[in-house]
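Heads up: the structure comes next, in structure tokens.
The values are calculated or read from the model by the stated rules, or taken from the named source; none is laboratory data. Please read these numbers as outputs of a predicted model, since none were measured by experiment. FYI the Cβ positions are ideal-geometry reconstructions off the backbone, even for glycines, and counts take in every protein chain you see.
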Amino acid sequence: MYWRWSRDCEILLRWPDARETLVEAMRNILIIDDEDDIREVAALSLEATAGWDITTACCGADGIRAASDPERRPHAILMDVMMPGMDGPTTFRKMQLDPEIAGIPVLLLTAKVQGVDQRRFAGLGVSGVLFKPFDPLTLAQQIADVLGWPSV
């Protein structure tokens with residue numbers, strides 16, 4: 001084991017262990033939601049509690065464009081179900097057609113908690129479903145738990 005200077009973060013890293021820790025801390029999450037206040041609360045929550053880098057999009061089409069950006073490819077996507085134009089499930093299906101972004105885990109965010117809706121969402125192949133209203137203090141841990149990431 002040896003130490004290595006990281007110019008990207010301007011910190012001294014213990015290599016190779018620190019690289020894995022740094023990547024976990026520097027996760028990029030894309031939030032796709034048409035409601036400004038939900039995007040803002042979720043973004044602030046994830047930044048404050050987990051230190052994750054957040055990208056936001058206000059609709060499915062913008063979300064697909066943001067996910068496709070190779071410079072800021074997200075580690076996970078938190079996406080609202082009910083959006084005007086292209087809803088969450090439709091956006092997810094379109095993402096699955098693009099091999100560059102099809103492997104990004106997607107968690108749906110919804111107020112629909114009825115059994116038929118939950119079964120429909122599970123049948124899509126998304127990584128998980130989180131429910132509104134969410135607790136901003138536990139949102140990051142909920143995402144980490146669903147995706148099997150280390151605790152935040």
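Summary table
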| item | result |
| --- | --- |
| Yes/no for residue 63 being touching a Cys at 6+ places or on another chain (Cβ under 6 Å), among the small types (Gly, Ala, Ser) and within 14 Å of residue 33 (Cα to Cα) | no |
| Test: residue 27 is farther than 22 Å from residue 136 by Cβ, surrounded by 14 or more Cβ atoms within 10 Å (Cβ to Cβ) and either free of Cβ contacts under 8 Å to residues at least 24 places away in the same chain or under 13 Å from the mean Cα position of the chain (by Cα) (or both) | no |
| One residue from 123, 103 being surrounded by fewer than 19 Cβ atoms within 10 Å (Cβ to Cβ) and assigned to a loop (DSSP other than H, G, I, E, B) | 103 |
| Residues (under 11 Å from residue 30 (Cα atoms) and among the aliphatic types (A, V, I, L, M)) located in the range 68-90 | 76, 77, 78, 79 |
| Lone qualifier among 61, 43, 57, 66 - being out of contact with any helix residue (DSSP H, G or I) (no Cβ under 9 Å at 6 or more places or on another chain) and more than 19 Å from residue 149 (Cα to Cα) | 66 |
| Those residues of the range 81-105 which are within 14 Å of residue 124 (Cβ to Cβ) and charged (D, E, K, R), in sequence order | 87, 93, 94 |
| Elements of type strands (runs of 3 or more DSSP E) in the range 1-75, at least 2 residues being closer than 23 Å to residue 110 by Cβ and at pLDDT 95 or above | 28-32, 53-57 |
| Given (1) of a type in the set (A, V, I, L, M, F, W, C); (2) more than 15 Å from residue 33 (Cβ to Cβ); (3) part of a loop (DSSP other than H, G, I, E, B), index of the condition residue 134 fails | (2) |
